[in-house]
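Trainee: One structure, as structure tokens, below. Some questions next.
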Amino acid sequence: MFAANVDGTRHVIEAAMAAGCARIVYTSTVGCIGLPSVTKGANGVNGEVTPTDEATPVSEAEMTNPYKLSKWRAEVVARELAAQGAPVVIVNPSAPVGPRDSKPTPTGKIVLDVLNHAMPAYIDTGLNFVHVRDVVAGHILAAERGRLGERYILGHAGGNWTMKHMLDVLAEITGIPAPRFKTPHSLAFVAACVSESAAALTGKPPRAPLAGVRMARYKMWFNPAKAIRELGLPQTEPRRALEDAVEWFRTNGYVKRDA
């Protein structure tokens, strides 16, 4: 992972510089953006979550899993080379949703699990959902209009949704009831530990990755205003992204138990 993300980033950017590329777009992640803070309410509990932007302070110490750490160090490499004259623009996609999610991605797997009735419960978390086509457009726009050395969050201004809200919207789209049970983070952590241990024995990916459960303690909400303002980032409604994902999964044989 570190060889691909960190060393690979350096090799590709240096090769692009040597070839005389006029613009290099590096794909980072919102995992390298500072996490939102919570403003305590009057009772000290139900505070508001303020979405963060590209200028939010963050450090390597906050990169809590190998993937985030490798992407953080890769972004550091991209910024260092930009400071040396490489024509680099950095983009930080949030949680893309939409068609052609063949693997699927972690976000797409949520949609697929709902379609296959394989999500009995959910964790109280939050993501910034964005249509995958807007993320694609954001890369092209970054190449055309992005300021060198700058980073841009590729997300949706209205896409900061809780997991429950996302599942409720999916229920409206699919006709499949949303999971009713909210799993406490402590129980999810124990389940993830068991899942990771089973994965080590079977060689199969863990059903509940520990890194994902740890991150679920935070609402990963972000403000893409800079990309909208400077790049003209499209803003397709997140509901449309979910509709397109559902249609693609159903059309391409990914759904084993539907309706």
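The values are calculated or read from the model by the stated rules, or taken from the named source; none is laboratory data. As the structure is a prediction and not an experimental result, all values here were calculated from the model. Methodologically, a virtual Cβ is constructed for each residue, glycine included, from the backbone with ideal geometry; neighbour enumeration extends over all protein chains shown.
Trainee: Any idea which residue in the range 12-39 is modelled with the highest pLDDT, counting only those that are loosely packed, with under 11 Cβ neighbours inside 10 Å and of a type outside the set (A, V, I, L, M)?
Mentor: The qualifying residue modelled with the highest pLDDT is 20.
Trainee: Within the range 136-146, count every residue that is in contact with a strand residue (DSSP E or B) (Cβ under 7 Å, 6 or more places away or on another chain), buried (at least 22 other Cβ atoms within 10 Å of the Cβ) and part of a helix (DSSP H, G or I).
Mentor: 2
Trainee: Further question: Considering only residues of the range 69-110 that are of a type in the set (Val, Ile, Thr) and modelled with pLDDT under 95, which is nearest to the chain's Cα centre (by Cα)? Write out each step before concluding.
Mentor: Start the filter on the range 69-110 by keeping residues that are of a type in the set (Val, Ile, Thr), which leaves 76-77, 88-91, 97, 105, 107, 110.
With the extra rule that they be modelled with pLDDT under 95, the set shrinks to 105, 107, 110.
Values: 105: 9, 107: 8, 110: 13 Å.
Per the criteria, the residue is 107.
Trainee: Among the residues of the range 199-238 satisfying the criterion of being at pLDDT 95 or above and either of a type in the set (D, E, K, R) or in contact with a Phe, Trp or Tyr (Cβ under 7 Å, 6 or more places away or on another chain) (or both), which is nearest to residue 140 (Cα to Cα)?
Mentor: Among them, the one singled out is 231.
Trainee: Then there is this: Please find, among 91, 77, 49, 6, the residue that is touching a Phe, Trp or Tyr at 6+ places or on another chain (Cβ under 6 Å) and surrounded by 18 or more Cβ atoms within 10 Å (Cβ to Cβ).
Mentor: Of the residues listed, the single one that is touching a Phe, Trp or Tyr at 6+ places or on another chain (Cβ under 6 Å) and surrounded by 18 or more Cβ atoms within 10 Å (Cβ to Cβ) is 91.
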